[in-house]
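The values are calculated or read from the model by the stated rules, or taken from the named source; none is laboratory data. Everything quoted here is computed from the prediction, not taken from an experiment. Every residue, glycine among them, receives a Cβ derived from its backbone with ideal geometry; neighbour counts consider all protein chains shown.
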Amino acid sequence: MEIDKLANILGANTVEKAYDDAASQPMKEVGKTATDIVKTLRLFTAPFQLAAAFQDRLEKYLNKVRDNVPKEKQIECHPIIAGPVIDRLKYLDDENKLTALFLNLLERAINVDRVNEAHPAFIHIIDQLSPDEAYILFILRDSEIEIVDTLDLDKENNKFINLKVIQGGFPEDKLIAPDNFEIYYSHLESLNLIQWPVTKQDPIWNEDGSIQLGIKRYSKIEATSWGKIFIKACIPEKGFDL
């Protein structure tokens, strides 16, 4: 790899540290036999194997980032972005959707026209996301998810129960763990990335209109203002293929 070219973009100190870290031995045998180490670390070797092969992946990743930014627009990435992102990439493979988010952030950080989009806080947001949550944000990149649902009125306890989605909804079949959608939504909401406002609701009455049986709600899942900024900077426009 032409280190000088990468150093021009990421800074010589950042590149040198990345190579030193990747080449360093992740764990050293200290007073243990080889057999003991194998038994102890059998379930944890994959991340270190990824780190050991990091140099080749780093070359591919950074060349991809550079190729996606016009040469005349390229500037040196600030270490506050480059250093942490490269460190995270060590333990992510090509198939992980979060890899694409980190590379998108690097593209913004070396593009003179878009460097203002590369907020350092985005690194820590990506750290907290699951691949499914990254996909949810991709779906919300250019659209909202409209939902119509109903709830039954529990008069005894004065609350609505038995949520039933009757129209719309998120395409959960696209998720790795679709049963976790409510968890994903709650987490993304806690990060102030998405919201789910009810835009309209109508009461549901019995046949003669004397007793309320439930409620029909119209709502939409959408990105917040902060979420839109994050999506613009980090979520790939065309999907997650590297």
Discussion item. I need the full set of residues from segment 207-242 which are part of a loop (DSSP other than H, G, I, E, B) and within 22 Å of GLU144 (Cα to Cα), in order please.
Written reply: THR224, ILE235, PRO236, GLU237, LYS238, GLY239, PHE240
Item to complete: Report the residue count in segment 196-219 for those that are surrounded by 17 or more Cβ atoms within 10 Å (Cβ to Cβ) and within 25 Å of SER143 (Cβ to Cβ).
Response: 2
Item to complete: Hey, can you tell me all the residues within segment 46-99 that are modelled with pLDDT under 90, within 21 Å of the chain's Cα centre (by Cα) and assigned to a loop (DSSP other than H, G, I, E, B)?
Response: LYS90, TYR91, LEU92, ASP93, ASP94, GLU95
Worksheet item: How about segment 140-195: which of its residues are exposed (fewer than 14 other Cβ atoms within 10 Å of the Cβ), part of a strand (DSSP E or B) and not charged (D, E, K, R)?
Response: ILE161, ASN162, LEU163, VAL165, ILE166, GLN167
Worksheet entry | Qualifying residue in segment 136-143 (condition: more than 30 Å from LYS216 (Cβ to Cβ) and of a type in the set (Gly, Ala, Ser)) | no
Worksheet item: In this structure, is ILE221 aliphatic (A, V, I, L, M), in contact with an Asp or Glu (Cβ under 7 Å, 6 or more places away or on another chain) and in contact (Cβ under 8 Å) with a residue 24 or more places away in the chain?
Response: yes
Worksheet entry | Every pair of residues 6+ apart whose Cβ atoms lie under 6 Å, when the first sits in segment 117-136 and is touching a residue at least 40 places away in the same chain (Cβ under 8 Å) while the second is charged (D, E, K, R) | GLU117/ARG108; ALA118/ARG108; PRO131/LYS97; ALA134/LYS97
Worksheet item: Could you give every pair whose Cβ atoms fall below 9 Å, whose first residue belongs to segment 191-204 and is in the same structural domain as TYR218 (by TED's automatic domain parsing) and more than 25 Å from LYS155 (Cα to Cα), and whose second residue is surrounded by 12 or more Cβ atoms within 10 Å (Cβ to Cβ) and among the aromatic types (Phe, Trp, Tyr), counting only separations of at least 6 or pairs across chains?
Response: LEU191/TRP226; LEU191/PHE230; ASN192/TRP226; LEU193/TRP226; LEU193/PHE230; ILE194/TYR185; TRP196/TYR185
